[in-house]
Amino acid sequence: MKKLLARGYLVVLLVILYAPILIIAIFSFTEAKVLGNWTGFSTKLYESLFTGGLGNSMVKAIENTITIGLLAALCSTMLGSVAAIGIHNMKGRGRKAITFLNDIPMLNPDIITGISLFILFVAVGVSQGYVTVLLAHISFCTPYVVLTVLPRLRMMNPNIYEAALDLGATPAQALRKVIIPQIRPSMISGFILAFTLSIDDFAVTLFTKGNRGLETLSTYIYADARKGGLTPELRPLMTLIFLAVLALLIIINIRSARNNKQKLIK
Amino acid sequence: MNKDIVISLQHLSKSYDGKQVLDDINLDIREGEFVTLLGPSGCGKTTTLRLIAGFLAPDGGKILLDGKDISGVPPYRRPFNTVFQRYALFPHLDVYDNIAFGLKLQKVPTDEIDKRVRRILKMVSMTDYESRDVESLSGGQQQRVAIARALVNRPRVLLLDEPLAALDLKMRKDMQIELKEMHAQLGITFIYVTHDQEEALTLSDTIVVMNEGRILQAGDPVSIYNEPQNAFVADFIGESNILNGRMIEDRRVEFLGHEFDCVDEGFGENVPVDVVIRPEDVYIMHKLEGSQFSGTVKSCTFKGVHYEMFVDTDKGYELMIQDYNAFEVGSTVGLLIRPNDIQVMRKERVRNSFDAEIVDAGHISLFGSEIECAAAAAFAPGDKVRAMVDFDKVELVDHQEDGQFAGEVHFLLYKGDHYHLTVLTEDGDHVWVDTDDVWDKGDLVGVNFASENIKLEAVK
């Protein structure tokens, strides 16, 4: 009885968690214009999604989302990895202070990050658009990369860097030929994480996109929904995005499981 | 200047966070020499090696290579290579690429790299392993690769930081022999760091014994073993009986309550000394005639090659003796020590002596606290004095809070009938104590100086 209750609780919890996504996914396979009406199974929405049923501005938004995501992930991976190496080589109190400072942006509510960046860009006098959104995304992704790369550095034999210098490598060569190959797996994990965070973001983007018509997928959908109901083609699109993010998450998990296993073998 | 000298360390000093780890290190290392830096953990041996490698910069002093100061040269421009304790192989490269790492950086032609890597692999008997992943190798094999990776660059000096410490005993012995052969074959100067005295005696041309950031003695293994210059070296290298003695005159010394002939001269008359007797140098026999003194066997343990016995001597001292024959516990034996086997050392100190200041007629200030001292009455407040306390007049108590000063037992020596302890106070001052009580290294103790046991002497 106790076991049944425990299991039932878990099932209810998962159903509540996933019901909204499931509903979107289910209703992506019907033609009804209004969400909630079932007019029989059809893949027409998927067809129209891929045959231009979305309209130009929507395609542009998807493009922006993906390019901003990739660029932000790339920049924050580079910045975050370098920062992690720096933090790793710090000692005592300084290191603790920096690690703490690195944690704050992650705990900070997105809306505050968004408004702060908005005010910053206005204060500096930068015209807002693609570049400001990209900069904002880099700034909130970087701490996550730091957090992903640091444990890998701690696992590394501390003498490895010295061994490289000892064998005649300059510090730059040692970084390129020894340190980066060592932390590459966690850099890739950090990149994927940064990418998913970027394409997922709404609040920060909303405040930094300016008013010259730049939209990412999330801000576009928000505007679209407010104009008068969701475009039906968004339902298959969201289902596909969900599946893509799910795939990325599975990849991250498998990678980290494999890393842990390696650690255990050692 | 001697042309043979490759590396010369001159007045090297280094401290971490205000703690002095190296204090005025001076050492010349000859071309092709196998030098071992030997000492307990924390003695500064690894720091010295890291200074030579260039991973650390000295606070003071110079490191000369062929007479030129290289203190400011970064490690990648020094013609030295290092073998690390935990191997530090590159896990993302296979055995071949690990070894070729340095040669590739030097842009050596590929066919020459290939030739040299294969030759060195043969030398460390790892010929068939070149494409193996380094993490799949055993500890011993990894260390061979690490040695090969260093030697393939033909360094002027090979630095080895406890390279065998992580291996099991059998593997360690084999590797010792191989290292010695490689050294003989290549003629490269080796600087080797270890805390294992047996390893040092086996491998080295020269042993440098270090403790607390200083070099205590440097010399070839035989002289280090037979003629230790102080009690620490005698105790650290091999087994020994270290006893308080008195030099009566040249070639005549008193210890164990008896007088002996010895070969030492120049200490003066009636001077307190430390005497070292190696356990294998005491002759033990059943009959008493022909012996110098007698004793009773207290214990007898078989140690493989010899028996190790503890004998109570007729004047109440305990001696450790090693002999090929076993003697029955409880039996009376005759004992004899030859003049040549008596190693006499000048005592580093005969009593504690500290800087202190008079507070008032009944108190002095010592190590920053005020304590009672009857002798203070003879001085005026504010006078600087030397406070002296005999070793056997220092009282140690179990709890730190019960003492005037809190301390930790840092080093102990058994002197035949009592222990001689070095206690390190919280502020880093040394207090030496003679006691019959048994303490262990690392014990936390309270230190008390009784008012009447503190003698004072004016300082100008």
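Of note:
- Of the strands (runs of 3 or more DSSP E) lying entirely inside the stretch B:301-419, those containing at least 2 residues that are buried (at least 19 other Cβ atoms within 10 Å of the Cβ) are B:307-313, B:318-323, B:332-337, B:343-346, B:352-360, B:363-366, B:384-389, B:394-397, B:405-414.
- Looking only at the stretch B:99-111, and only at residues there that are open to solvent by 70 Å² or more (accessible area, probe 1.4 Å) and either free of Cβ contacts under 8 Å to residues at least 12 places away in the same chain or in contact with a His (Cβ under 9 Å, 6 or more places away or on another chain) (or both), the one that is farthest from A:Glu162 (Cα to Cα): B:Asp111
- Taken as a whole, the structure leaves B:Glu280 outside the set of residues that are open to solvent by 50 Å² or more (accessible area, probe 1.4 Å), of a type in the set (D, E, K, R) and assigned to a loop (DSSP other than H, G, I, E, B).
- Search result, residues across the stretch B:67-85 that are in contact with a strand residue (DSSP E or B) (Cβ under 9 Å, 6 or more places away or on another chain), facing chain A (nearest Cβ under 10 Å) and open to solvent by 40 Å² or more (accessible area, probe 1.4 Å): B:Pro79, B:Gln85
Residue-by-condition table, conditions (1) more than 21 Å from B:Gly428 (Cβ to Cβ); (2) in a strand (DSSP E or B); (3) in contact (Cβ under 8 Å) with a residue 60 or more places away in the chain:
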position	(1), (2), (3)
B:Leu9	yes, yes, no
B:Ser15	no, yes, no
B:Leu22	no, yes, yes
B:Ile25	no, yes, yes
B:Ile29	yes, yes, yes
B:Gly32	yes, no, yes
B:Val35	yes, yes, yes
B:Pro40	no, no, yes
B:Cys43	no, no, yes
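- The residue of the stretch B:14-60 that is nearest to the chain's Cα centre (by Cα), among those that are within 14 Å of chain A (Cβ to nearest Cβ) and open to solvent by less than 10 Å² (accessible area, probe 1.4 Å), is B:Leu49.
- Of B:Ile215, B:Ile207, all but one fail to be touching a helix residue (DSSP H, G or I) at 6+ places or on another chain (Cβ under 8 Å), within 24 Å of B:Gln20 (Cβ to Cβ) and not in a helix (DSSP H, G or I); the exception is B:Ile207.
- Candidate set from the stretch A:222-239 (those that are surrounded by 15 or more Cβ atoms within 10 Å (Cβ to Cβ) and among the hydrophobic types (A, V, I, L, M, F, W, C)); member that is modelled with the lowest pLDDT: A:Leu230
- Being charged (D, E, K, R) and in a loop (DSSP other than H, G, I, E, B) is a condition met by at least one residue of the stretch A:189-202.
- Here B:Leu179 clears all of (1) in a helix (DSSP H, G or I); (2) in contact with a Ser or Thr (Cβ under 9 Å, 6 or more places away or on another chain) except the condition numbered (2).
- Checking each residue in the stretch A:139-180 for being surrounded by fewer than 21 Cβ atoms within 10 Å (Cβ to Cβ), of a type outside the set (A, V, I, L, M) and within 10 Å of chain B (Cβ to nearest Cβ) picks out A:Asn157, A:Pro158, A:Asn159, A:Glu162, A:Thr170, A:Pro171, A:Gln173, A:Lys177.
- Here A:Asn211 fulfils each of the conditions (1) free of Cβ contacts under 8 Å to residues at least 12 places away in the same chain; (2) surrounded by fewer than 14 Cβ atoms within 10 Å (Cβ to Cβ) apart from (1).
The values are calculated or read from the model by the stated rules, or taken from the named source; none is laboratory data. As the structure is a computational prediction, the values presented were derived from the model and not from experiment. All Cβ positions, glycine included, derive from the backbone under ideal geometry; neighbour counts span all protein chains shown. Just so you know, the surface numbers come from the protein's heavy atoms only, side chains and all, with ligands and any DNA or RNA stripped out. Shrake-Rupley method; radii C 1.70, N 1.55, O 1.52, S 1.80 Å.
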